Amino acid sequence: MNAGIIVDAPVLDVRFRGGRKLGTVEDAFASTLSPGDTFYFAGLVLEVERIDGTDLIVHATSKSARIPTYLGTRMAMTTNLAQRVREFLHDRSQWPRFPGDVREWLEVQDYRSILPRPDQLLVETFPLEGHYYMVIYSFEGWNAHQSLGMLLTRRMESAGLRPLGFVSNDYALACYSIQPVTDPKPLFSPDILEREFVEWVESSSLLRRAFREVAVIGGLVERHHPGKRKSGKQVSFSTDLIYDVLRRYEPDHLLLRAAWEDAKTKMTEVGRLGRLLDRAADTMLHVELDRVSPMAVPVLVMIGRESVAQGTVEDVLLIEAEALAEIAMRRD
């Protein structure tokens, strides 16, 4: 009944402390949250208090916030595709095959900032609308960028840069803060995977979520019985209880080690992050700009998209993209 089981992706109910339900978010997003983190949802900015079983307990706040993410059938960007994109951008002989507006976009980027070689990591910093932005063009895929964004904002917080949040796509990661980043190299030191990464995983529910899958697949918890099936809440309660007991009395248990490996590889793309951080110090090109660059526009448009009323999202995003592009494409 339970052999070869496929673990479905559960959802968590977003609730106020008094019990009112606002909606649901995917467990993949909820597992990256720690108490004090904020995100946009249902037209509000919500601050996380705790995760209680399958409930995400929140309260309203006025702080700056992240955008919720939904995985769906998203696949990671392959290393081969990322390398090809880097080569296309750098190799001018390939540009004639692009549409005219794309060629102009690349030319202005090269004029205003730089187009890095395939083996280089471009980091741009610039002010915009009262905040300071750091955009990293690593081309490592959305999954890796989400994890890197969490780690970088934690390190920026420790450095007193007062980060406000981050957004990412498959090509770039943008972190924005109240204080400017003058030297990004220390933020990318490899020890971030030994310190901030461990702290992040242990303080969030990433490890607990990974253990839930390991426990179900390993047969510790049986989801299916003749004539009935355990709900996600029942499974979470059972696996969380086992997890707490093992963490307390047998922290080196085989299933906990398996959960760690799953959390590192499948959920955080730690292998790609490690390779990125290993080469960052030697290959980084830091360009300080006085305004947004053309390549930064696509990722910056994503900031605040969840706070727009339903039905007007596309119009507002288009207006914002045009305004940013006008600033970025000026040659003065």
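Annotations
- Where GluC sites (Glu not before Pro) fall in DSSP loop in the stretch 113-165, at most 11 other Cβ within 10 Å: GLU129
- Summing Cβ point charges (Lys, Arg +1; Asp, Glu -1) relative to the Cα centre of the stretch 79-201 gives a dipole of roughly 100 debye.
- Taking all protein chains together and a 1.4 Å probe, the residues TRP105, TRP95 rank TRP105, TRP95 from largest to smallest accessible area.
- Whole-Å semi-axes of the stretch 94-136's equivalent ellipsoid (Cα gyration tensor): 24, 15, 7
- Computed over protein heavy atoms with a 1.4 Å probe, the accessible surface of the stretch 34-149 works out to 47 Å² per residue.
- Coil-residue GluC sites (Glu not before Pro) of the stretch 173-205, DSSP, other Cβ within 10 Å capped at 15: GLU194
- Less than 5 angstrom separates the built amide H of MET284 from those of LEU121, all sequence-distant by 5 or more or on a different chain.
- Unit charges at the beta carbon, dipole of the stretch 58-139: most positive-side option, SER62, SER138, SER113: SER62
- Neighbourhood net charge (15 Å Cβ-Cβ; Lys/Arg +1, Asp/Glu -1) for GLU124: -1
- Of the residues VAL221, VAL245, the one with the largest accessible area comes first in the ranking VAL245, VAL221, computed with a 1.4 Å probe on protein heavy atoms.
- Taking a sphere under 14 Å around the Cβ of ARG50 and counting the other residues whose Cβ falls inside, with K and R at +1 and D and E at -1, yields a net charge of -4.
The values are calculated or read from the model by the stated rules, or taken from the named source; none is laboratory data. Everything numeric here is computed off the predicted structure, so don't read it as measured data. We place every Cβ from the backbone using ideal geometry, glycine too, and count neighbours over all the protein chains shown. Note: areas computed on protein heavy atoms with side chains; ligands, DNA, RNA excluded. Shrake-Rupley method; radii C 1.70, N 1.55, O 1.52, S 1.80 Å.
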